[in-house]
Amino acid sequence: IKQVHKQHLAYFPIELVVSKLHPLVEQERVCISDLQNETFIGLSGEDAHAGVFITRLALGFEPARTIQAAEIVTMLSLVEAGLGVAVASAALRRNAPPHVRFLKIVDVDAGFDLHLLTRANETEPAVLAFVHDVSVPVPS
């Protein structure tokens, strides 16, 4: 097995996604207890099991009411329309619809780490240039 270099690039916490018309929208942070009666919008199809797992992992309970969306864009659009809330990676913030807001869930410690793996002895100039470019911090 060849040696591999692993570089941590980012951490994206799990957050609550709400419509800008939702009662919680003005809060910077929410607690799990604030979410017990919410309708959750998740993914259907191949990603449905993963979505339910992420929701359970993040919240510690399986929502009583759910709506399933076929794609992430649809899920965020349904949240934007005010049909429910979603639990999603903060990585989605940059491409989210304009009328949704991501809120920190204070009593949840779950998220996704993004790593870049390359050969430890990499010499290919294009690969080295790519590694350099993704290693430079991007302004928020």
Checklist entry - For residues in segment 97-107 being surrounded by 14 or more Cβ atoms within 10 Å (Cβ to Cβ) and aliphatic (A, V, I, L, M), which is nearest to Ile41 (Cα to Cα)? => result Val100
Item to check | So Ala110, is it touching an Asp or Glu at 6+ places or on another chain (Cβ under 7 Å), open to solvent by less than 60 Å² (accessible area, probe 1.4 Å) and at pLDDT below 90 | outcome: no
Checklist outcome for this item: Wholly inside segment 85-140, strands (runs of 3 or more DSSP E) that include 1 or more residues that are aromatic (Phe, Trp, Tyr), more than 28 Å from Lys6 (Cα to Cα) and in contact with a strand residue (DSSP E or B) (Cβ under 8 Å, 6 or more places away or on another chain) are 100-105
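If you take the residues of segment 1-40 that are among the hydrophobic types (A, V, I, L, M, F, W, C) and over 24 Å from Ile72 (Cβ atoms), which of them is most open to solvent (accessible area, probe 1.4 Å)? Outline the logic, then answer.
Step one: filter segment 1-40 for residues among the hydrophobic types (A, V, I, L, M, F, W, C), giving 1, 4, 9-10, 12, 14, 16-18, 21, 24-25, 30-32, 35, 40.
Subset that is over 24 Å from Ile72 (Cβ atoms): 1, 4, 31.
Values: Ile1: 208, Val4: 91, Cys31: 50 Å².
Filtering first and then ranking leaves Ile1.
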Checklist entry - Are any residues in segment 94-107 at pLDDT below 90 and more than 18 Å from Cys31 (Cα to Cα), and if so, which ones? => result Arg94, Asn95
Checklist entry - Going by the conditions given, is Glu15 at pLDDT below 90 and under 17 Å from Asn95 (Cα atoms)? => result no
Item to check | Output for segment 71-86, where each listed residue is open to solvent by 20 Å² or more (accessible area, probe 1.4 Å) and either in contact with a Phe, Trp or Tyr (Cβ under 8 Å, 6 or more places away or on another chain) or in contact (Cβ under 8 Å) with a residue 40 or more places away in the chain (or both) | outcome: Glu80, Ala81, Gly82, Leu83
Checklist outcome for this item: When segment 1-39 is checked residue by residue, the ones that are among the acidic types (Asp, Glu) and under 10 Å from Leu103 (Cα atoms) are Glu15, Glu26, Glu28
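The values are calculated or read from the model by the stated rules, or taken from the named source; none is laboratory data. Quick caveat, the model's predicted, so the values are computed rather than measured. Reconstructed Cβ throughout: ideal geometry from the backbone, glycine too, with neighbour counts over all protein chains shown. Areas reflect the complete protein model, heavy atoms only, side chains present, ligands, DNA and RNA absent. Shrake-Rupley method; radii C 1.70, N 1.55, O 1.52, S 1.80 Å.
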